[in-house]
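Written out below as structure tokens is the structure these notes cover.
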Number of protein chains: 2
Amino acid sequence: VNSPAFIAVDWGTSSRRAYRIVDRVSEATFRDDLGARQAQAIDYPAEIAAIRAALGDLPMLLAGMVGSSIGWRAVPYVATPVRIDHLAAALDWIDPRTAIVPGVSWRDGDRGDVMRGEEVQLLGAVAAGLAPAEGLLSQPGTHCKWVRIQGAAIASFTTAMTGELFALLRNHSLLETQIQSEVTAGPAFLDGVAEGARRDLGASLFGIRARSLLGLGPDDPASYASGLLIGADVGARVAPGETVHILADPALGALYRCAIEALGGQAVIVDSHDAFVAGIVRIRELADDQSH
Amino acid sequence: VNSPAFIAVDWGTSSRRAYRIVDRVSEATFRDDLGARQAQAIDYPAEIAAIRAALGDLPMLLAGMVGSSIGWRAVPYVATPVRIDHLAAALDWIDPRTAIVPGVSWRDGDRGDVMRGEEVQLLGAVAAGLAPAEGLLSQPGTHCKWVRIQGAAIASFTTAMTGELFALLRNHSLLETQIQSEVTAGPAFLDGVAEGARRDLGASLFGIRARSLLGLGPDDPASYASGLLIGADVGARVAPGETVHILADPALGALYRCAIEALGGQAVIVDSHDAFVAGIVRIRELADDQSH
């Protein structure tokens with residue numbers, strides 16, 4: 001079956017990536033730092049026209065923070081459980097050729113969580129068979145998503161500000177000068193993972209400073225600190241023997257895989273761009289089916 | 001017995017407080033923000049002279065970060081177990097009338113921790129009967145100390161960067177605008193304590209943002225966030241039924257007491273200035289005994 005060409009934009013808080021997709025394959029992309037961050041005045045209609053000028057005068061689907069109160073316009077969340085056809089049915093049409101994919105909310109009593117943009121990758125990975133229809137998926141990053149998939153739907157999820165905590169520590173804390181170097185998945189990282197799994201972050205973090213004053217290491221405090229935070233995150237989420245499908249860039253994915261395996265789980269890395277393209281193509285096709 | 005007059009200075013990272021002590025009682029004090037923080041060039045001999053000009057030409061004992069590598073000079077740590085007479089015996093004499101109290105280190109295999117300044121309060125509280133010779137003491141603050149006292153000695157201790165994490169979140173994080181208001185020990189704080197005791201900080205913190213986007217509260221996110229961090233700290237340290245003696249200013253002491261009691265412990269607040277004065281007087285008297 002032929003799949004008509006269109007443009008997809010993954011428009012996050014700090015950057016955006018646009019794809020021209022022809023016959024389900026990404027033919028051309030561009031990426032820049034024009035994210036939908038607070039206090040950034042973006043002329044969305046002009047930007048949309050510029051993207052069409054660059055990639056072709058085609059229908060366009062947008063996902064991510066572009067659909068939030070700090071973006072172009074706030075698209076209501078779709079509540080879990082959410083399958084990919086629910087996303088297609090809830091597209092917010094700006095005009096007959098331009099729509100925003102809604103985010104997803106989860107709620108259980110007073111607890112709750114939200115996502116915008118990740119849902120396309122997640123359900124795209126499931127739709128393409130890159131991740132199972134029943135299982136635990138993880139999207140590491142500034143705000144790491146942990147997502148329970150049941151019956152090919154997003155059933156529930158938890159976000160941990162793991163990456164943001166690391167950035168705060170690296171840029172503003174007592175540990176700032178100690179943790180500037182590149183993080184690698186070596187012995188210091190693994191020591192940090194084991195310590196982080198004790199889930200006593202405030203004390204473990206000060207320990208980096210205290211141990212260095214006493215000459216007790218760690219030799220590579222940046223990797224150790226990253227291991228602490230990722231170990232605490234994984235330790236709270238992954239049961240021994242459990243398999244996690246990780247949607248991430250290769251470097252961060254490798255750190256999470258290493259931590260998951262160190263704590264007794266199993267990890268499979270899924271290409272997050274492939275998953276996004278698979279998801280947005282499926283949403284486009286389902287939307288066409290629904291409108292015809 | 002007469003106790004000769006002297007000056008005591010509690011010289012920390014961000015501030016210092018000086019006391020003229022006559023017959024074991026603080027007669028006059030001053031406090032300012034000339035802390036021994038990194039990159040602050042302090043002319044210590046001139047400052048010492050100025051303190052004597054203000055409070056009297058008396059012998060002087062200094063404690064705190066003034067005795068660190070970022071202070072006047074690095075005084076070696078005394079290793080646990082440390083009684084107050086050990087501190088007196090290890091005073092670092094700058095001249096026959098001026099000495100720095102050493103800090104304390106604890107080590108157990110690869111683990112370790114350090115303090116500078118807190119030891120005077122801790123062992124002073126014990127010497128004065130304000131805290132027991134066997135028990136758990138807490139000094140909340142930027143870096144919260146949790147100290148096991150055995151046989152009137154500091155036996156072991158752990159530092160958690162609880163206050164620093166709160167400051168990082170308040171000044172630089174996603175939650176910045178949500179958590180500016182004053183923290184009080186009300187229902188939101190207690191909700192945060194209960195959540196914090198789950199010890200899943202990265203997720204609990206993001207939950208503040210997510211819940212507010214979903215209209216699920218908390219009503220007072222600043223107090224809730226403080227409760228999260230303090231609850232995680234207390235939950236990692238205090239067993240149900242255990243009594244903690246808290247050395248702190250009244251506001252922070254009340255928050256810790258509230259969290260400790262909510263998690264099944266008991267708390268006694270000790271005046272930290274009284275404890276410091278008691279400790280430095282005892283060190284001074286013991287040093288006199290040792291030198292005569």
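The values are calculated or read from the model by the stated rules, or taken from the named source; none is laboratory data. Only a predicted model underlies this, so the values are computations on that prediction, with no experimental measurement involved. Glycine gets a Cβ as well: all are built from the backbone with ideal geometry, and neighbour counts include every protein chain shown.
Remarks
- Scanning region A:176-201 for residues that are within 11 Å of another protein chain (Cβ to nearest Cβ) and farther than 20 Å from A:C144 by Cβ returns A:E176, A:T177, A:D191.
- Consider region B:136-150 and keep the residues that are farther than 26 Å from A:L168 by Cα and surrounded by fewer than 22 Cβ atoms within 10 Å (Cβ to Cβ). The one that is farthest from the other protein chains (Cβ to nearest Cβ) is B:Q150.
- Of all residues making up region A:64-83, the number that are over 23 Å from B:G215 (Cα atoms) and buried (at least 22 other Cβ atoms within 10 Å of the Cβ): 0
- Being crowded, with 20+ Cβ neighbours inside 10 Å, under 18 Å from the mean Cα position of the chain (by Cα), more than 25 Å from A:L175 (Cα to Cα) and more than 10 Å from every other protein chain (Cβ to nearest Cβ) is true of A:A248.
- Any hit, region A:163-171, residues being closer than 26 Å to A:V9 by Cα and within 14 Å of chain B (Cβ to nearest Cβ): yes
- A:R37 meets the conditions (1) of a type in the set (K, R); (2) at pLDDT below 95; (3) under 20 Å from A:E285 (Cα atoms) in every case but one. The failed one is (3).
- Some residue of region A:255-275 being more than 30 Å from A:V120 (Cβ to Cβ), free of Cβ contacts under 8 Å to residues at least 60 places away in the same chain and in a loop (DSSP other than H, G, I, E, B): yes
- A:L213 being within 13 Å of chain B (Cβ to nearest Cβ) and either of a type in the set (F, W, Y) or closer than 30 Å to B:V75 by Cα (or both): yes
- B:R73 vs. criteria in a loop (DSSP other than H, G, I, E, B) and either closer than 20 Å to B:F157 by Cβ or not β-branched (V, I, T) (or both): yes
- Residues of region B:87-101 satisfying the condition of being touching a strand residue (DSSP E or B) at 6+ places or on another chain (Cβ under 6 Å) and free of Cβ contacts under 8 Å to residues at least 24 places away in the same chain: B:A90, B:W93
- For region B:121-140, the criterion of being touching a Gly at 6+ places or on another chain (Cβ under 6 Å) and among the β-branched types (V, I, T) is satisfied by no residue at all.
- Lone unmet requirement of (1) assigned to a loop (DSSP other than H, G, I, E, B); (2) in contact with a Lys or Arg (Cβ under 8 Å, 6 or more places away or on another chain) for B:A41: (2)
- Filter result for the condition that a residue is closer than 27 Å to B:D219 by Cβ and under 18 Å from the mean Cα position of the chain (by Cα), over A:G117, A:G112: A:G112
- Taken together, B:V66, B:V104 contain a single residue that is within 13 Å of chain A (Cβ to nearest Cβ), in contact with a strand residue (DSSP E or B) (Cβ under 8 Å, 6 or more places away or on another chain) and on the phi < 0 side of the Ramachandran plot, which is B:V104.
- Scanning region A:166-200 for residues that are of a type in the set (A, V, I, L, M) and under 18 Å from A:A251 (Cβ atoms) yields A:A167, A:I179, A:V183, A:A185, A:A188, A:L190, A:V193.
- Hey, B:L58 outside any helix (DSSP H, G or I), at pLDDT 95 or above and more than 14 Å from chain A (Cβ to nearest Cβ) or not: yes
- Whichever residue in region A:180-195 is without any contact (Cβ under 8 Å) to a residue 40 or more places away in the chain and more than 22 Å from the chain's Cα centre (by Cα) and, among such residues, is surrounded by the most Cβ atoms within 10 Å (Cβ to Cβ): A:G192
- Residue ID - modelled with the lowest pLDDT, chosen from residues in region A:9-33 that are part of a loop (DSSP other than H, G, I, E, B) and of a type outside the set (V, I, T): A:S14
- Condition check for B:A225 on (1) more than 22 Å from A:R198 (Cα to Cα); (2) more than 7 Å from chain A (Cβ to nearest Cβ); (3) buried (at least 20 other Cβ atoms within 10 Å of the Cβ): one failure, at (1).
- Some residue of region B:151-159 being out of contact with any strand residue (DSSP E or B) (no Cβ under 7 Å at 6 or more places or on another chain), more than 11 Å from chain A (Cβ to nearest Cβ) and touching a residue at least 40 places away in the same chain (Cβ under 8 Å): yes
- When region A:228-242 is limited to residues that are assigned to a helix (DSSP H, G or I) and more than 10 Å from chain B (Cβ to nearest Cβ), the one that is surrounded by the fewest Cβ atoms within 10 Å (Cβ to Cβ) turns out to be A:G231.
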